[in-house]
Amino acid sequence: MSTAEATALVFAVSLLIGGLAISVGAKLAFKSEEYSHAVLTALFGAVAWTLVSAVFAAVDVGGVLASFVGLVVWVWVIRRRYEVGWVRGSFIGLFAWLAALVVLSLLALFGVSSLDAYGVPGV
């Protein structure tokens, strides 16, 4: 397997893990959609977070402010995709973050530690 293929595989699996986490978060916040909806939400959230990081890096501002703005934009993406308010969107995000931690911890127990949960910040 080439480096590009391995990178694409890790990205795809990490995106599916992020989608699973958001799907679980949405179910726990009583706002469930199809799994594919959650995967797209994870992709949009990852892109939004990356754009915020790039903008803050371009103006040489980082740290807590960049992370906070990235988190607000990520919750905004969840709100828009699930058509919920800020509180429920935040709960979906919190539950998604916890679900991602659990999934990645379980995978680490089986020796799989090279994956992330794309679309779920801070995991």
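Only one of SER23, SER32, SER53, SER67 is in a loop (DSSP other than H, G, I, E, B) and among the polar types (S, T, N, Q); which? Explain how you work it out, then say what you get.
Details: SER23 fails: in a loop (DSSP other than H, G, I, E, B); SER53 fails: in a loop (DSSP other than H, G, I, E, B); SER67 fails: in a loop (DSSP other than H, G, I, E, B).
Just a single option satisfies the conditions, and that option is SER32.
Can you tell which of LEU9, LEU40 is touching a helix residue (DSSP H, G or I) at 6+ places or on another chain (Cβ under 9 Å) and of a type in the set (A, V, I, L, M, F, W, C)? First the steps, then the outcome.
On the way: LEU9 fails: touching a helix residue (DSSP H, G or I) at 6+ places or on another chain (Cβ under 9 Å).
So the residue among LEU9, LEU40 that is touching a helix residue (DSSP H, G or I) at 6+ places or on another chain (Cβ under 9 Å) and of a type in the set (A, V, I, L, M, F, W, C) is LEU40.
In the stretch 28-44, which residue that is touching a residue at least 60 places away in the same chain (Cβ under 8 Å) and farther than 20 Å from GLY70 by Cα is surrounded by the most Cβ atoms within 10 Å (Cβ to Cβ)?
Looking at the filtered set, the residue picked out is ALA29.
Which numbered condition in (1) in contact with a helix residue (DSSP H, G or I) (Cβ under 7 Å, 6 or more places away or on another chain); (2) farther than 14 Å from GLY18 by Cα is the only one that ALA108 fails?
(1)
Values quoted throughout were computed directly from the atomic coordinates according to the rules given, and no laboratory measurement underlies them. Everything numeric here is computed off the predicted structure, so don't read it as measured data. Here the Cβ is made from the backbone with ideal geometry for all residues, glycine too, and neighbour counts use every protein chain on show.
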